[in-house]
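Heads up: the structure comes next, in structure tokens.
The values are calculated or read from the model by the stated rules, or taken from the named source; none is laboratory data. Owing to the predicted nature of the structure, the values given are computational and were not obtained by experimental measurement. We place every Cβ from the backbone using ideal geometry, glycine too, and count neighbours over all the protein chains shown. Keep in mind that these areas ignore ligands, DNA and RNA; they rest on the heavy atoms of the full protein, side chains included. Shrake-Rupley method; radii C 1.70, N 1.55, O 1.52, S 1.80 Å.
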Amino acid sequence: MSKAKRVCVIGAGPSGMSVLYHFHQLKTQGKEIPEIVCFDKQSDWGGLWKYSWETGIDQNGEAVHGSMYRGLWSNGPKECLEYPDYTFEDHYKKAIPSYPPREVLFDYLKGRWSKGDLRPWIRFSHVVRQVTYNDSTDDFSVVAKDLTEDKDLPPQQFDYLIVASGHFSVPNIPSFPGIDRFPGRIMHSHDFRNANQFKDQTILVVGSSYSAEDLALQTLKYGAKKIYCTYKTRPMGFKWPSQIEEKQLFTKIEGSTVHFKDGTTADVDVIILCTGYLFYFPFLEERLRLKSTNILYPPGLYKCTLWTESANNKLLYIGMQDQYYTYTMFDAQAKWAVNYITGELKLPDHETMVKDWKKWVARMKELKGCHDDIDFQTDFLLDIAKDANYGYNLDTAEEFHVWEKHKQVSILTYRDQSYASRFTGTKSPIHHTTFMEALDDSMQTFLATKQ
Ligand code: FAD
Ligand code: NA7
């Protein structure tokens, strides 16, 4: 491989950082690697895990990336996202409970990223504004803005582009009859930061996926009076406590009164739209843009990673699927991408690649529910990990199936359960305080052995 090759990575969240990590691994093995530049519009690494108190527009006038909130605890067992070469015990020097709060997971991520000298590759507070693919030179022109200096940089040329900019940041905002005259607060889950302010209030949650589930629990935990969750397609179906009620989507809102399809009404103080996010890549020229909703296998991507629709196999996306697996899946995708760019991994011909992603998309369409989804994503992960010569078995399907069962038994207590690490064999201790009673989400309190 020629030394002149240049790789641009957009995003220093878990996906982008895995790319840098694997390039660095090769470097420490004495292998030749390309020149790498990673742009992130935030002032530090972490992606969504870097907590933003801001909502709407940030201090540089950019759209706030963060969608996480105070009081957010892992919504899956940490044993399902543990890096095999850097376990939680490696990081914390002791076993910790299975469902840590955000700060504890973020600290773990930072620990792995700090194993190598990755920061010099990252241009923090640099937003990528425009990317075009040049057919004649088979490379990309990337325009970024230095937000600190308030200055556009001259276009830079790169041989490969890796888009790891996430897809849970630009809210999907549907409209509803009468919502424009609702007198209370209307917000999207993207702007949710702290549940305390909803104490004693009655809340209408719109949506029936992870955000709806967790914001119903969060607001209940911090003292909301009543929460109505409304679904479009199907209810979440958990055994909710009496303060949370699921109903089919409402027909209209009159003043502060919501009219549900079953003929009942409720007066609410707040509407929280948990209606998901848009795939939004305004910085990419049209033919480079992945267009999808939040599904397990967005079309157009060989191995859910390489864009087959244009750009001569030089454009890669990491972490763009709906996610059961997270850190480990991004890591396998990243290693695959790095192996491909450094020439260790060869691609089949175009037709074979398109046939391959179409096969996954066809299978995805036949999935019948969460247990099928888990098996599908496990199969995908094992497939790409094998191709990438990943070297560890990342299969935690069994843990995910048990996790779904725990949620069905009790949505209030599933986070109080414990799992064993696949890599150390250690079973996690039970936390000193149950999730619904633990109001303090700080790392210090979480890691303390007794309260
Ligand atoms: P992100 O974390 O979104 O990072 C993308 C990065 O790209 C950001 O740093 C951003 O600043 C940067 N960027 C974007 N656009 C540009 C641009 N134009 N120029 C420069 N930089 C740019 N996963 C779990 O495993 N467990 C959980 O409990 C969990 N909870 C979640 C809760 C919420 C509310 C949300 C929204 C997601 C949650 N997730 C959870 C899933 C989450 O998607 C992943 O854990 C992970 O953060 C995805 O990493 P990423 O690097 O792909 O994207
Ligand atoms: P998701 O998982 O993409 O879910 C979006 C939800 O929004 C889903 O329940 C949709 O219902 C619902 N939705 C979308 N449009 C509408 C309209 N018009 N009316 C009613 N409901 C609607 O996003 P989340 O924010 O829950 O989760 C994203 C990530 O955050 C996730 O990975 C977690 O880790 C945390 P539908 O299915 O279409 O009936």
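Select from the stretch 241-281 the residues that are aromatic (Phe, Trp, Tyr) and within 16 Å of ligand 2 (Cβ to nearest atom) and write down the one among them that is farthest from MET436 (Cα to Cα). That would be TYR280. Note on the stretch 72-97: among residues that are within 16 Å of ligand 2 (Cβ to nearest atom) and outside any helix (DSSP H, G or I), the one that is most open to solvent (accessible area, probe 1.4 Å) is ASN75. Which condition does GLY116 not pass, out of (1) buried (at least 16 other Cβ atoms within 10 Å of the Cβ); (2) at pLDDT 95 or above, if it passes all the others? Of the numbered conditions (1) buried (at least 16 other Cβ atoms within 10 Å of the Cβ); (2) at pLDDT 95 or above, the odd one out for GLY116 is (2). Here ASP440, ASP373 are screened, and the one residue that is in contact with a Leu (Cβ under 6 Å, 6 or more places away or on another chain) and acidic (Asp, Glu) is ASP373. Anything in the stretch 308-321 that is touching a helix residue (DSSP H, G or I) at 6+ places or on another chain (Cβ under 8 Å) and either part of a loop (DSSP other than H, G, I, E, B) or closer than 26 Å to TRP49 by Cβ (or both)? List them, or say none. Passing the criteria: THR308, GLU309, SER310, LEU315, LEU316, ILE318, GLY319, GLN321. Filtering the stretch 18-40 to residues that are closer than 18 Å to TYR327 by Cα and in contact with a Lys or Arg (Cβ under 6 Å, 6 or more places away or on another chain) leaves only HIS22.
Considering only residues in the stretch 98-113 that are buried (at least 17 other Cβ atoms within 10 Å of the Cβ) and of a type outside the set (A, V, I, L, M, F, W, C), the one that is farthest from SER428 (Cα to Cα) turns out to be ARG112.
A count restricted to the stretch 45-71 and to residues that are in contact with a Phe, Trp or Tyr (Cβ under 6 Å, 6 or more places away or on another chain) and open to solvent by 40 Å² or more (accessible area, probe 1.4 Å) stands at 0. Among strands (runs of 3 or more DSSP E) entirely within the stretch 137-229, having at least 3 residues that are without any contact (Cβ under 8 Å) to a residue 24 or more places away in the chain singles out 139-146. For the stretch 157-167, a residue qualifies if it is surrounded by fewer than 21 Cβ atoms within 10 Å (Cβ to Cβ) and either acidic (Asp, Glu) or under 17 Å from PRO298 (Cα atoms) (or both), and exactly one does: ASP159. Pairs are defined by a Cβ separation below 6 Å, a sequence spacing of at least 6 or placement on different chains, a first member in the stretch 359-386 that is more than 17 Å from PRO299 (Cβ to Cβ) and of a type in the set (D, E, K, R), and a second member that is part of a helix (DSSP H, G or I) and open to solvent by 60 Å² or more (accessible area, probe 1.4 Å); no pair meets this definition. Among residues of the stretch 12-27 that are of a type in the set (D, E, K, R), those with a beta-carbon under 6 Å from a residue that is modelled with pLDDT of 95 or more and more than 8 Å from ligand 1 (Cβ to nearest atom) at least six positions away or on a different chain give the pairs LYS27/ILE33.
Taking only the stretch 293-316 into account, find how many residues are touching a residue at least 40 places away in the same chain (Cβ under 8 Å) and either within 16 Å of ligand 2 (Cβ to nearest atom) or over 18 Å from PHE380 (Cα atoms) (or both). Adding up the residues that qualify gives 10.
The single condition among (1) within 23 Å of the chain's Cα centre (by Cα); (2) open to solvent by 40 Å² or more (accessible area, probe 1.4 Å); (3) over 22 Å from TYR108 (Cα atoms) that ASN393 does not meet is (3).
Taking the criterion of being within 16 Å of ligand 2 (Cβ to nearest atom) and either within 16 Å of GLN333 (Cβ to Cβ) or among the small types (Gly, Ala, Ser) (or both), the residues of the stretch 12-63 that qualify are GLY13, PRO14, SER15, GLY46, GLY47, SER52. The residues on offer are LEU161, LEU204, LEU153, LEU220, and the sole one that is within 13 Å of ligand 2 (Cβ to nearest atom) and either more than 18 Å from VAL128 (Cβ to Cβ) or not acidic (Asp, Glu) (or both) is LEU204. Whether a residue is open to solvent by less than 10 Å² (accessible area, probe 1.4 Å), of a type in the set (Lys, Arg) and touching a residue at least 60 places away in the same chain (Cβ under 8 Å) was assessed, and LYS407 passes this test.
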